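The values are calculated or read from the model by the stated rules, or taken from the named source; none is laboratory data. Worth saying up front: this structure is predicted, and the values here are computed from it rather than measured. Please note: Cβ atoms are built from the backbone with ideal geometry, for glycine as well, and neighbour counts cover all protein chains shown. These accessible areas exclude ligands, DNA and RNA; they are computed on the full protein's heavy atoms, side chains included. Shrake-Rupley method; radii C 1.70, N 1.55, O 1.52, S 1.80 Å.
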Amino acid sequence: MAVATDTFTEKTDEQKAITEMVRQFADHEIIPVAEEYDHEDKFPEPIVEQMKELGLFGVTIPEEYGGMGLDLTTYAMIVEELSRGWISISGVVNTHFIGSYLLMKFGTDEQKHTFLPKMATGEIRAAFSLSEPEVGSDVQGIKSTAKQGDGGEWEINGQKMWVTNGLRSGLVFVLVKTDTKAEPPYKGMTCFICEKEPGADKVLGLTIPPKIKKMGYKGVESTELVFDGFKVPEDRILGGPDGLGQGFVQMMDALEVGRVNVAARGVGVAQRSMELALRYSQERKTFGKPIAQHQAITFKLAEMGTRLEAARLLTMKAARMKDAGERSDLEAGMAKLFASEAAKENAEEALRIHGGYGYSKEYEIERIYRDAPLLLIGEGTSEIQKMVIGKKLLERNRA
Ligand SMILES: Cc1cc2nc3c(=O)[nH]c(=O)nc-3n(C[C@H](O)[C@H](O)[C@H](O)COP(=O)(O)OP(=O)(O)OC[C@H]3O[C@@H](n4cnc5c(N)ncnc54)[C@H](O)[C@@H]3O)c2cc1C
């Protein structure tokens, strides 16, 4: 698909049509019920069913496997709209997108043919699992292992943490150590495609404890995965035998694309916060006029709007560069850092603009304020993004 390069925000007719469709879906099917699902911390099954019908689980999967075959830029536009509705909805798609990216880029033909068609329809959904109770940022420090038995099968042991869609997914891309003595450690890491029954909290060799209770990002479950001799066939190493020892590199590649995805989620949250602030500030009156007319509030709106626009531009630039086949690690890191911070700041400013009502569960902004901080943490914290950005800047500008 051709990449429009004239401006970073211009949309093709196809992009206009699809984002309009998703925006309407968010306005009519997500926003009106998000509060209820959030309060009950309930999985939004009916919304997910509708997303399957709309083909939203196969946006980037090639048409030959039943997907839409669209590029990262269009995907990012869709994610912005879903996240504008409710960040947890984009969370259901997010890990699935990373899983399908891993398969499309590194999977064997057999792995692609086996999983991608069912993933395109959403019949099976994917999760990915790097983090452990003692390890998040320092991925090379993971402790989970896989050992090959005499029959060729691999056996996974160890505890994973924070797996989004951990219970309801049918496929989990799990990063473990297959050589604990490798130096540097990343050379001994392998990604396994683990198949499991969606919704089952106990299968042979794998226990999924009750979901972790969170301050926000509710509805979609985050779980531990406790592996105790979980068996994986030999041909389920991502990429086949050549994938042995390649897991770290594969996952880091996927996370780079994932950063554009998280940035797009940040833009969606920043956008919705802006909309709510604009509406409320023109309705609420103090000292005889709408609060939007007080300069302190107008300035807040100005800063929010500028932040939103900058976040969107950075996100679209990173996505378009990736689609154009250009190196975009630096840009993806910048987009993720800026857009996630913009989401948090816009959410807080919108909450302030709502005064006491912002603190009430009757108002949407209360939920958004609890949801937004996730973006500062997932797929690399802001501190880690700064490390990546600084390193890349120095690499590209050697003295
Ligand atoms: C709701 C939710 C969903 C998640 N979903 C998934 C998922 O689906 N799959 C998955 O694998 N993981 C997932 N994660 C885990 C997430 O990726 C990690 O929480 C994140 O990478 C941070 O790791 P940590 O929590 O272990 O923090 P730590 O790595 O312990 O970091 C703690 C603090 O120290 C800072 N820090 C760490 N190292 C440095 C350094 N070198 N220099 C400066 N500061 C540093 C961090 O920025 C942070 O502020 C999820 C997390 C959450 C909260």
Projected onto the charge dipole of the chain (unit charges on the beta-carbon of Lys, Arg, Asp and Glu, signs +1, +1, -1, -1), the Cα from I31, Q111, V267 with the largest positive-side position is that of V267
In degrees, nearest 10, the alpha-carbon axis of helix 382-396 is tilted away from the dominant principal axis of the alpha carbons of the chain by 80
With bins of 10 Å, the percent of all Cα-Cα pairs of region 1-109 per bin from 0 is 13, 45, 31, 10, 1
With x for Gly and Pro, the residue-by-residue ³J(HN,Hα) of region 181-192, computed from phi through the Karplus equation 6.51 cos²θ - 1.76 cosθ + 1.60 at θ = phi - 60° and given in whole Hz, is 9, 4, 10, x, x, 4, 6, x, 10, 9, 9, 9
Which residues qualify? For I61, with a placed amide H closer than 5 Å and at least 5 residues away or on another chain, they are M68, G69, L70
One finds the C-alpha centres of region 200-275 and region 146-189 to be spaced, in Å, by 12
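Going by average Cβ neighbours within 10 Å, how do the peptides 48-61, 254-267 rank, with the highest at the top?
Working: 48-61: 19.3, 254-267: 28.1.
Ranking, from highest mean packing down: 254-267, 48-61.
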So the carbon and sulfur contribution to the accessible area of the chain, 1.4 Å probe, in percent, is 53
Out of G288, N397, A339 - ranked by how far each Cα lies towards the positive end of the dipole of the chain, with unit charges on the beta-carbon of charged residues - the top one is G288
Counting only DSSP beta bridges with both partners in region 89-185, the antiparallel fraction in percent, to the nearest 5, comes to 50
Restricting to Cα pairs under 8 Å and 6 or more apart, the percent relative contact order of the chain works out to 16
Gyration tensor on Cα atoms of region 150-270, a ≥ b ≥ c root eigenvalues, a/c under 1.5 rounded, else prolate if a/b beats b/c, else oblate, says oblate
The helix 109-121 Cα axis meets the longest alpha-carbon principal axis of the chain at an angle in degrees, between 0 and 90 and rounded to 10, of 30
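Mind checking region 96-153 for GluC sites (Glu not before Pro) that DSSP puts in a loop (not H, G, I, E or B) and that have at most 11 other Cβ atoms within 10 Å?
Working: sites: E110, E123, E134, E153; in loops: E123, E134, E153.
For GluC sites (Glu not before Pro) across region 96-153 that sit outside H, G, I, E and B with at most 11 neighbouring Cβ atoms in 10 Å, the list reads E134.
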Pairs over 32 Å Cα to Cα, from K11/K160; K52/K160; K118/K211, come to K11/K160
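Highest mean first, how do 287-297, 371-381 rank when packing is the count of other Cβ atoms within 10 Å averaged over residues?
Working: 287-297: 12.6, 371-381: 22.3.
Ranked from most to least packed, the peptides come out as 371-381, 287-297.
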PRE zone check, label point 7 Å out along Cα-to-Cβ of E35, amide N under 16 Å, scope region 336-363, hits 351, 354-363
Tilt, helix 329-353 to longest principal axis of the chain (alpha-carbon atoms), in degrees rounded to tens, equals 40
Regression test value, accessible area per residue of region 219-283, probe 1.4 Å, units Å², expected 31
Taking alpha-carbon centroids only, region 279-313 lies from region 78-97 a number of Å equal to 26
Given a 1.4 Å probe, the accessible area of region 1-121 per residue, as a whole number of Å², is 39
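I'd like to compare 245-252, 186-193, 311-318, 202-209: which one has the highest average count of other Cβ atoms within 10 Å, and what's the full order after that?
Details: 245-252: 20.8, 186-193: 22.4, 311-318: 25.5, 202-209: 15.0.
Order by mean packing, descending: 311-318, 186-193, 245-252, 202-209.
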